[in-house]
Structure formats: C-alpha cells, structure tokens
Amino acid sequence: MIRFDLTTDQIPTAWYNALPDLPEPMQPPLHPATREPVGPDDLAPLFPMGLIAQEVSTDPWIDIPGEVLDILRLWRPTPLVRATRLEEQLGTPARIYFKDESGSPAGSHKPNSAVPQAFYNKTEGLTRLTTETGAGQWGSALSFASAQYGLECKVYMVRASYNQKPYRRILMETWGASVVPSPVDDESNPGSLGMAISDAVREAVTREDTHYSLGSVLNHVLLHQTIIGIEAKEQLAAAGELRPDVVIGSCGGGSNLGGISLPFMNDPAVRLVAVEPASCSTLTEGTFEYDFGDTAGMTPLLPMYTLGHDFIPPSIHAGGLRYHGDSPIICNLVKAGRMEAVAYPQGKTFEAAVQFSKSEGKVPAPETGHAIRAVIDEALAAKETGEEKVILFNYSGHGLLDLTAYDDFLNGRLVDA
Ligand SMILES: *Cc1c(COP(=O)(O)O)cnc(C)c1O
C-alpha cells in the first residue's frame, strides 16, 4: 500500500485551533497609528466578524460550516502517499509520506482558506473582495472561491509577475476575477507582495461593499489549513504509523506549514521543521519584533520574525516564499524552540524537485521543492544512522504553471548569489 485515502464522508468537520496550546501567550497585533492592541472594530473595515472571531478565538476546535464543506469536498479529503520510489532511490530506511494538496482546483493548498474566507464575507453581505498575489497562487485560489459564492474579486498582482507569468492571470480571469498590476501608481516599479497588500487594503477600506482577504500569515488562515494535518494524522494511522518523527513544510507566510504541523504540535516526540529560501530567510535570519504586514504601513503591526517591511526579496522562482515576515503562530513556535527552521538556496531546492519528479512522477511547485530538499536531507541523515525514521511533508502544490523555472534550472540559467 502506498496510497492512503479517506472517503468523502470522512472529511474533518472542525478545524484545530492552536492558539490555546501555544508554548507562550501570543502578543496582540497593534494598531498602526496608536500602537495600542487592535480590537474587532479596528479590523471590521477589512474582515467579516466570522473571521475576526476566529482570529482571536480560544476554543480548541471550530466547526467547519456545511456550505464550506460542500465546496472543499470537490477535492478533499486529499491523498496521503508513501514515496517508496524516492525512498528506494535514496537507499534510506526512512519512510517518507507526503500529503498531496496539489489536486485542488487552483493546484495548491490555498483554496482551503480561500473558500471559508469567501463564505464568511458572503454571509455577512459583502459583494466584493480584494487581495494581492505574487506569482498568482493565492489570487487564483480566491478567484475560484469567489466564483463559487458569486462574489466579485479584484486581484492586485505584483507587476513583475503580471508581465512575466500570464498563465495564472488567465486562470484568475477564467474564474471571473479582474487582475491589475501593482503598484498601481508607478508603472516602472516591478512591485512586491508588501506593495500589493497596500494597494488591496487601500481599496477595501474605502469601499463599503468590499473587504480584503489575506492568503497566509493570519491566525484564521492557519486555522483553515489545519484540515491538512487533521486528515494526515488519520491517514498515517491507517498506514500503521504511530506518529511521524518529523513534519516538514515550506514556509512563506506559514499557512501550509501550519496546516500540516499544528495538529501534531502537542506531541513532544514529533519534530516540526520550517523550510525557507536562503534569499528571504525570515525565520533563520530575521529579528523578532513588531512589524507591518505591508510596505506602506497600513496593516496592524504583528509580532513576528521579519526582515523589515521595506525589504524587497530577490526575484526567486518560489514566489510564494518571498515575504518579509511570517505567521505570528509559526514565529511563536520557533521562538519557543518548538519548531526548527532551515534555509536553502534555490538551486539546491530545484535539484531536489527534479529528483522527486523523476522518482515519484509529480512535478512540484518551486515552493514545495524547498520542503522536498529538507525531506531528502532528513532521509539521507537517517541512512547514515540507520534510523527507520517516519518523515511527513506537505506537498503544497504542483509546478505545472512554473515550468519556465524548471527550464531555467535545466539550462543553467539559475544562479544563486
Ligand atoms: C503560497 C504557497 C506556499 C507558501 O505559502 P505559505 O502560506 O507559507 O504556505 C507554498 N507552496 C505553494 C504551492 C504555495 O502556493
């Protein structure tokens, strides 16, 4: 047996909330102007109350609305696969399992949060959503979710990607979204995720009918993504595993990593590992302090490891990992020593991604290649020690719309500084 599936009616019906179980109490977000803790009213121009409540909830489990499950069931539960062919190729005694989130409509884990976010906005009477997107993964997830609930969706796309990567823009437009290059006020500026967030937030606060939606970082996004780890736990048990020894995920803002790892957090025997790019190494080289989520300083200040909100990461191919900060939940775990973090240069991650493609067949997103690099290194370490380690990682998305990146790698155009 290499594939462990759950039936449609085994889809989890509640999300796991990590907030009450964190090693240290969470510091509150601060208002950008007053630097006082933000209250629900401060966030109301941006988010529906359903999501604001989840952002601060101390309930250990939060029910998933039936209308959300109806849409998640289009592709969930997702498979858990044992990568036996990769194990054989590496000659490792480790058992490697991956949770395959690449089969969603947008091809990544991101619709797991886009769907509930669109749902809560719809039920509270909003008719439009704005958001930012880098390479287009979050934008396409929210475009899909908006189409399901009949919401208008406007996506500010980092200008460099808008010009160079038309396929996800076309995907967004196919789902009915409108896509504009960001920053809107400077056509010569290649843009950044932080600038696109500023553009999207600015529009949401000035329109009654419009809210803003964020694809990672915030507590409610990680909450929605825990469906990944909850399913994986059950599937690992079906595979006859007591527990994973290590859980690994790539980390941009921390949502897919949180999704796979938080449900294992309370078992001290399970190591948790974040993998980030060396060129945007927030957790391994950033400083822990309050910082803005965007470039213009319009969002609340969050307690996180950050490279500074005006940091513009080099344009590596793993666009989803180019963010100056990280989820406060993930930062809390790293700071407390509960989670480890490693960073890799992108060449090393593409080597791993290609090795995975050749053995397991699937071509991973460049972001996912970061997790695979760390998995291969763990498996090779287990080979040295002879340990029968159980490795679980999140296969966060496919790379079929990122083939230019593979072309660059295969033709030696990918140079690490
Ligand atoms: C967006 C994205 C990531 C990084 O975002 P997180 O919020 O850190 O999960 C990783 N993998 C894929 C495929 C993505 O689309």
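Side notes on the structure shown:
- Subset of the range 137-182 [assigned to a loop (DSSP other than H, G, I, E, B) and modelled with pLDDT of 95 or more]: 150, 151, 175, 176, 177
- Contacts under 9 angstrom Cβ, first residue in the range 249-264 being outside any helix (DSSP H, G or I), partner of a type in the set (Ser, Thr, Tyr) and near the ligand (Cβ under 6 Å from one of its atoms), 6 or more apart: 249/396; 250/368; 250/396; 252/216; 253/216; 254/216
- Residue count, the range 376-402 (criterion: under 13 Å from residue 84 (Cα atoms) and in a helix (DSSP H, G or I)): 2
- In the range 127-150, the count of residues that are touching a helix residue (DSSP H, G or I) at 6+ places or on another chain (Cβ under 8 Å), of a type in the set (A, V, I, L, M), away from the ligand (no atom under 16 Å from the Cβ) and over 19 Å from residue 309 (Cβ atoms) is one or more.
- Here residue 267 meets the list (1) more than 16 Å from the ligand (Cβ to nearest atom); (2) within 15 Å of residue 97 (Cα to Cα); (3) not hydroxyl-bearing (Ser, Thr, Tyr) almost entirely, failing just condition (2).
- Residues satisfying the stated conditions in the range 209-237, i.e. over 16 Å from residue 54 (Cα atoms) and part of a helix (DSSP H, G or I): 228, 229, 230, 231, 232, 233, 234, 235, 236, 237
- Test result for residue 314, at pLDDT below 95, surrounded by fewer than 24 Cβ atoms within 10 Å (Cβ to Cβ), closer than 24 Å to residue 37 by Cα and away from the ligand (no atom under 13 Å from the Cβ): no
- Every condition in (1) within 12 Å of the ligand (Cβ to nearest atom); (2) touching a helix residue (DSSP H, G or I) at 6+ places or on another chain (Cβ under 7 Å); (3) in a helix (DSSP H, G or I) is met by residue 371 except one, and the failing one is (2).
- Members of the range 38-58 found to be in contact with an Asp or Glu (Cβ under 7 Å, 6 or more places away or on another chain) and either more than 23 Å from residue 22 (Cα to Cα) or surrounded by fewer than 16 Cβ atoms within 10 Å (Cβ to Cβ) (or both), listed by number: 48, 49
- The range 356-394: number of residues that are basic (Lys, Arg) and touching a strand residue (DSSP E or B) at 6+ places or on another chain (Cβ under 9 Å): 3
- The residues of the range 356-402 that are surrounded by 24 or more Cβ atoms within 10 Å (Cβ to Cβ) and among the polar types (S, T, N, Q), listed by number, are 368, 394, 396.
- Answer from 269, 274, 278 - the residue that is in contact (Cβ under 8 Å) with a residue 12 or more places away in the chain, surrounded by 17 or more Cβ atoms within 10 Å (Cβ to Cβ) and within 30 Å of residue 2 (Cα to Cα): 274
The values are calculated or read from the model by the stated rules, or taken from the named source; none is laboratory data. Bear in mind that the values here come from a model prediction, so they are computed numbers and not experimental data. Because the Cβ atoms are built from the backbone with ideal geometry, glycine has one as well, and the counts that use them run over all protein chains shown.
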